[in-house]
1. Of the residues in the range 284-320, how many are over 22 Å from the mean Cα position of the chain (by Cα), farther than 29 Å from Pro375 by Cβ and not in a loop (DSSP other than H, G, I, E, B)?
2. What number of residues within the range 92-109 are at pLDDT 95 or above, outside any strand (DSSP E or B) and surrounded by 24 or more Cβ atoms within 10 Å (Cβ to Cβ)?
3. Please verify whether the range 23-46 includes one or more residues that are aromatic (Phe, Trp, Tyr), under 21 Å from Ala200 (Cβ atoms) and touching a residue at least 24 places away in the same chain (Cβ under 8 Å).
4. Out of all the residues in the range 361-382, which are assigned to a helix (DSSP H, G or I) and either in contact with a Leu (Cβ under 9 Å, 6 or more places away or on another chain) or surrounded by fewer than 20 Cβ atoms within 10 Å (Cβ to Cβ) (or both)?
5. Answer yes or no as to whether Ser22 is at pLDDT below 95, surrounded by 22 or more Cβ atoms within 10 Å (Cβ to Cβ) and not in a loop (DSSP other than H, G, I, E, B).
6. For residues that are among the hydroxyl-bearing types (Ser, Thr, Tyr) and within 24 Å of Asp231 (Cα to Cα), scanning just the range 154-193, find the one that is modelled with the highest pLDDT.
7. Could you list, in sequence order, all residues of the range 406-437 that are polar (S, T, N, Q) and either in a helix (DSSP H, G or I) or touching a residue at least 12 places away in the same chain (Cβ under 8 Å) (or both)?
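The values are calculated or read from the model by the stated rules, or taken from the named source; none is laboratory data. Predicted model, so just to flag it, every value in this text is computed and none were measured. With ideal geometry, Cβ positions are generated from the backbone for all residues, glycine too; neighbour counts draw on all protein chains shown.
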Amino acid sequence: MSRVAILNPPGSRNYIRDYFCSKLSKSRYKSPPIVMLMLSGILAEEHEVMILDAIVEAIAPEPCVKRLQAWRPDVVVTLVGAASWDEDRAFLKQLKHGLDTTVIAIGDVLLEDTEARMREAPEIDAALFNFVTPAILTLISGRSGQPIPNTCYRFGSHGEIINGGLRKSPIDFRVPRPRHEWFPLARYRFPFMVGHPLTAMLTDYGCPFTCSFCVIPTLGFGLRPLEDLKDELRALHELKVREIFFLDQTFGVRQDRTLALCKMLEEFSPRFHWSCFSRADVLNAELLSAMARAGCHTIIFGVESGSDETLAHYHKKMNLKRIRETLAACRAAGIRVAATFMLGLPGETERQARATIRLALELPLDYVAFNVAIPRAGTELRAQSIASGLIDADVKTMDQSGIQGAMSTREMSAAKVLQLRREAIRRFYLRPAYLLRRLLTLRSWWDLRAQVVDGVGVLMDGLRWK
C-alpha cells in the first residue's frame, strides 16, 4: 500500500483544470473536480489517500508543498491544464525539489504530443489519459517496459518514455464509490446552485457526439451501472449534500436509463437539487418533466452559434429550430436554462458573430457564457487551425474565457473577437428586463447570494481582456 495524494495544485488565478478542459473561472465559482472525485474511489481500494484542493482552499505554493511534505506521499496525482501550464510546471519543480515523490499528471495539455510535453517537464514522471479505469493502479504498482494503456511514463535508469496510448472507454464501466467525504464540500460553489453543500457526480464518461471543437469525443463513451449510482447518492444523502452538479458531458443520452435515474432521485427526502449539461436534440417533454420532478433546476446547453451553417460545419449536428423548441420546453417544465456560445471560430465573420449575440438576447435564457474559440489539444479544430496558420503548433497556453488571449480568424483579429465577447456579456446581463426577471425567480437565500456574487464576478470578467 502506498500513500497517494490527489492534488489540484495552487495557482495565481482561479483555474479550473477538470475533465480535460482547463480554463479560468469566469466568476468566483469553484466546483468539485470530477477527476479527483473519481480517482479517490479507485485509489482508496488499494492505497492510503489524501485529498488536497489548493484552488478551493486558496493555498499558496509554498504552504502547499509544506502540507505535502508533512504527509510524505509516495505518489502525487496532480491535475494540470493548458490554461495554467506554466504555473503548473513551476509548482511541480518546487514540489520535486522539496519532496522525493513520484508525480503522475492528468490534464488536457498532456493529451497531445505527450512525450514532448514530458520531455519539457522532467518533473512529471507519468501522464494519465483516463480517470475511470484502473490504469492508475497499474501505474503505481510498478511501471514496466511494456506499455500500460491510458498512460505515458518514464522507465528505466535512462528515463525512457513509454506511451501506452489513449484507449476509448468501454460502453459499461464501474468505479468504486468516490469519497466525497474527504473533500472540502462546504467551500465549493457554482452559479446555479440553490442548495448547499455542493458536490459533483458522473453517471457516464466521454460523449457519443462528434463536435470538432471538443476533445471529449476522443475518449469514447461509457455508462456507470444504476446500482452504483444509487449507492453513491445514498452516501451523499447521509453526508447531507443538497446540491449535485452532474458533470456528464451530455446528460440524458439514454432515455430509459435517465428516466430510471430520475425515479431513483425522487426517492430521497429531502430531495437533491441538481443541474447538468445536455443537448437540445437529446431532451424531450417526458424527460424534462421527469428531471424537474427529480430536483433538476438548471440545464446547460451548448448552443455555440447563431448560424445553422456554422453548427453544421463544426459537426454540432443541431439546428436553431430544435434549440428554440427545447429551450421553450425547459421553461414550460420550470427548469432554468443556461447556454454557452463560442465567438471567433475559424471562418466566422463579424456579421455571424453578431448574429450569435442577437440569438443569445432572443432566447429564453437565465444565464449565458460567451467563450472564445480554443483549439484544444487532440481536436479537429486544432489540426485545422494549425494547418491554416491561425496558431503555431507549439501554442499550449489556452483559455476559453479570453482573459489570456484569443485566436484570430481569417476575418477578425483576436482583439476584435475579445471586443465582441465583452460587448455580448454587457448587453446580455445589463438588460433591465433580465435583471428584474432574475430577481423574481430567486428560490432561496443561497440562490440570492449566488446571484449577487456571481453576477458581479461575470460583469468584472466582461470588463477585462487582453
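1. Qualifying residue count for the region: 8.
2. Within the range 92-109, residues that are at pLDDT 95 or above, outside any strand (DSSP E or B) and surrounded by 24 or more Cβ atoms within 10 Å (Cβ to Cβ) number 1.
3. Looking through the range 23-46, at least one residue is aromatic (Phe, Trp, Tyr), under 21 Å from Ala200 (Cβ atoms) and touching a residue at least 24 places away in the same chain (Cβ under 8 Å).
4. Leu361, Glu362, Glu380, Leu381, listed by residue number.
5. The answer is yes for Ser22.
6. Of everything passing the filter in the range 154-193, Tyr188 is modelled with the highest pLDDT.
7. Within the range 406-437, Ser408, Thr409, Gln419 meet the criteria.
Yes/no matrix, rows are residues, columns are (1) under 22 Å from Val49 (Cα atoms); (2) at pLDDT below 95; (3) in contact with a strand residue (DSSP E or B) (Cβ under 6 Å, 6 or more places away or on another chain):
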position: Met201; (1), (2), (3): yes, no, yes
position: Phe221; (1), (2), (3): no, yes, yes
position: Glu227; (1), (2), (3): no, no, no
position: Phe246; (1), (2), (3): no, no, yes
